[in-house]
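The next block holds one structure in the form of structure tokens; read it before the comments.
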Amino acid sequence: MTATAPAPSPARAARATAHLPRLVLVLAALLASLFTAASPASAHAALTASDPKDGAVVATAPAQVTLSFSEQVAMGDDSIRVMDPQGKRVDTGELRDMCSGSTVRYGTALHSGLPNGTYTVAWQAVSADSHPVSGAFTFSVGAPSATSVSLPDRQAGGGPVGVVYDIARYAAYAGFTVLVGGAAFILLCWRRGSAERPLQKLVVGGWVTLTAATLAMLVLRTPYTGSGKFADVFDLDGLQAVLETKTGASFVSRLLLLGAAALFIAVLFGAYARRQKTSAAEAVEETGAEETGAEAAEEAKKETSDLAFGLAIGGTVVAGGIAATWALAEHASTGIQPGIAMPVDILHLLAVAAWLGGLVALLVALHKVPDIEREAVQRFSKVAFISVLVLAVTGVYQSWRQLGSWSALTGTSYGRLLIIKVSLVAVLIAIAYLSRKWTGRLGEVRSTEGAEAGATEEEPAEVLAGADVSRETSAGVSRETPTGSGSGAAADADPRRAAQLERQRAAREKAREKQVRDADPGRAGLRRSVLAEAGVAVVLLAVTTVLTSTEPGRAAQLETNRSAAGPAVPNRAVKITLPFDTGGQNGKGTVRLELDPGRVGANTLHLWADGEDGKPLDLPEIKIAFTLPAKEIGPLPVAPDRDAPGHWSASGVQLPLAGEWRIDVTVRTSDIDQTTVQKNVKIG
């Protein structure tokens, strides 16, 4: 006789149940830490240039302020604000779109006659991948001054509104996964599950979660991308502005598709579930009692195949459409190859839903339904395998597209999150391998007990496995409940007694089903491994949600390279003072040089020479040269014109590149007395 593992005891089952709240708390802590790390969300678009530049000092007030971005952004009339030192707005409030070709530039006009002082520019926008960006900088007119304006310390998308919005984003992904994966599990793996109440609740719960999360993100969009105040959810003008954006259109499209999904669910759990319940019985009636149950099931399968095919086609279209609302509004729609990236992203989301959502549906079935067949679990195993293959192919493409280089894998937040995600997928696959082993043992105890009891074709092993339980529970009830027509009449006469009997019958049936479930060690082992898979899947989904709100590695490295090039040098005149000594009579003094505006391009040069007594020194000759050693440029000679005793100037002095320039000044005080002094300066 084949030895089998003992069935789990009630005490062990109770201990396992007691650990569930602890598992939920651990998962909640992980999710909280992930969302805290993700807020505020890093965005894809970045400010690449501004005019005036950050920290610049300009001689006269500019007519406008312009901002340049690394990719397309959405901005409104109030997106760029310029404030004077007292905090009063000095811009006209009208946004100017100056985009041309690949250049993304916006600006706003300033009022005329602005006085000298330091001005603050605060801006906010929405990146093409739906994430908000914001920032601020200062520039000065004439000379820097004190200012009462403080730079904002809150980034767009942060604060409590950002946390709630991120939770809603996670809930939307989870709802989509459960809705699509649960429905796919029923249609592809276990069609009889459409009539099971636990699976119906699961799929409907996914629909409700996705719908509620989408509505929450829609009303929170205005404060999320703007003020960060919950009160702005009642701003109807802001809501109208959101509906006109790409993100708002994706939310509305998703809600419309969820209406179609509601119709799909009604048919799946209505007409289709009723057909599943009645088709087998009708087949037996029509073909005769001599037909076996397998043949009746085959006949029932034929009768429901057309409806199942229609549901599969319709469900795939609706699920693909809902997945497209993410692909059209987030990372896949921006960057390189969006025409390929968006279909790939849709396939990726559908594969995730089929695998992880189906896993949740299988877990519910194993816990709540006493007689799920081994064939259903095996079919899901095949679906999961295909889903993993699709995930691998689409994931490799997405990783290449978003990272751009191997160094971004460890050098950016996106790359590090991607490593965590891949590691969690590997853990899931390892646990799934254990689940396959338990699937092979599913039903061993039932078949063994059926063989030992002399089970025949008329008495399947599954019936015999629960025979002891039925006898035990029925005996317990018979001791408490009188039988016969008299007891039935008494129950009818006493509604309280009838209700009590109904509760006893329900408890007896529930206890019988639970004991039948726990009698199979293969089922218990599979249930534990699938529960572990589901726990890892919850964390995996959280990491994926954070990943969608994190700046891709390719864009992050571009910003790092810009930062490594050094901050922009302000547009202010370069002023240097150089002492000299030619060694002859009256050979000592200083030269003062001014290069205005001290940047790449044309500059105006002024030079003054003073003697030891501080009076202007009229030199017989002075020469100037500019050299950029890092680029091997120069020396570029400049011959200034004498404007007055001790004062020389030159206009149109061209400096072609930014960098550390060396200025050489050659001073001659007599026919034979001459020296050269030099100074390095930063030119922007």
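What does the C-alpha gyration tensor say about the overall shape of segment 48-167? Classify as rounded when a/c is under 1.5, otherwise prolate if a/b is larger than b/c, or oblate. Provide the component values of the computation, followed by the final result.
Numbers: a/c = 2.25, a/b = 1.42, b/c = 1.58.
Because a/c hits 1.5 or more and a/b fails to exceed b/c, segment 48-167 counts as oblate.
Which value, in Å² rounded to 10, gives the accessible area of Glu94 with a 1.4 Å probe and all protein chains present?
120
With 15 Å as the cut-off, how large is the P(r) tail for segment 196-244, expressed as percent of Cα-Cα pairs? Don't jump to the answer; show the numbers that get you there.
Numbers: 616 of 1176 pairs.
Within segment 196-244, distances greater than 15 Å cover 52 percent of Cα pairs.
For a Förster distance of 25 Å, can you work out the FRET efficiency between the beta-carbons of Arg197 and Gln500, rounded to the nearest 0.05?
Working: r = 24 Å, r/R0 = 0.94.
After rounding to 0.05, the efficiency reads 0.60.
Mind ranking 609-617, 160-168, 414-422 by how tightly packed they are, going by the mean number of other C-beta atoms within 10 angstrom, highest first? If you can, show how the numbers build up before the last one.
Details: 609-617: 14.4, 160-168: 20.0, 414-422: 18.3.
Most protected by this proxy first, the peptides run 160-168, 414-422, 609-617.
Classify segment 580-684: rounded, prolate or oblate, from the alpha-carbon gyration tensor (a ≥ b ≥ c, eigenvalue square roots; a/c under 1.5 rounded; otherwise prolate if a/b is larger than b/c)? Don't skip to the answer; put the middle values down first.
Details: a/c = 2.30, a/b = 1.72, b/c = 1.34.
It is prolate, given that a/c is not under 1.5 and a/b is the larger ratio.
With each pseudo-label sitting 7 Å past Cα toward Cβ, what's the Lys631-Leu263 distance in nm, one decimal?
Rounded to a tenth, the inter-label distance reads 6.4 nm.
How far apart, in nanometres, would the label points at Leu389 and Lys246 be if each is projected 7 angstrom from Cα along the Cα-to-Cβ direction?
3.3
For the cross-link pairs Lys229/Lys421; Lys88/Lys682; Lys615/Lys679; Lys53/Lys631; Lys277/Lys382, which exceed 30 Å when the distance is taken from alpha carbon to alpha carbon? List each step's numbers first, then the result.
On the way: Lys229/Lys421 33 Å; Lys88/Lys682 34 Å; Lys615/Lys679 23 Å; Lys53/Lys631 24 Å; Lys277/Lys382 26 Å.
In this structure, Lys229/Lys421; Lys88/Lys682 lie more than 30 Å apart at Cα.
Multiply the residue separation of Val396 and Arg374 by 0.36 nm, subtract the distance between their alpha-carbon atoms, and state the gained length in nm to one decimal. Please report the intermediate quantities before stating the final value.
Values: separation 22, 0.36 × 22 = 7.92 nm, distance 3.32 nm.
Using 0.36 nm per residue and subtracting the Cα-Cα distance, I get 4.6 nm.
Run the quick spin-label model on Asp54 and His367: label points 7 Å from Cα toward the beta carbon, then report their separation in nm to one decimal.
Taking the simple label geometry, Asp54 and His367 are separated by 5.0 nm.
When a/c is below 1.5 the answer is rounded, else prolate if a/b is larger than b/c, else oblate, so apply that to segment 358-434 with a ≥ b ≥ c taken from the square roots of the Cα gyration tensor eigenvalues. Numbers along the way, then the final one.
Working: a/c = 3.78, a/b = 2.63, b/c = 1.43.
Because a/c hits 1.5 or more and a/b exceeds b/c, segment 358-434 counts as prolate.
The values are calculated or read from the model by the stated rules, or taken from the named source; none is laboratory data. All values derive from a computational prediction rather than experimental measurement. Positions of Cβ are generated from backbone atoms using ideal geometry, with glycine treated the same way; all protein chains shown enter the neighbour counts. The protein model used for the area step is the full one, side chains on, heavy atoms only, and it has no ligands, DNA or RNA in it. Shrake-Rupley method; radii C 1.70, N 1.55, O 1.52, S 1.80 Å.
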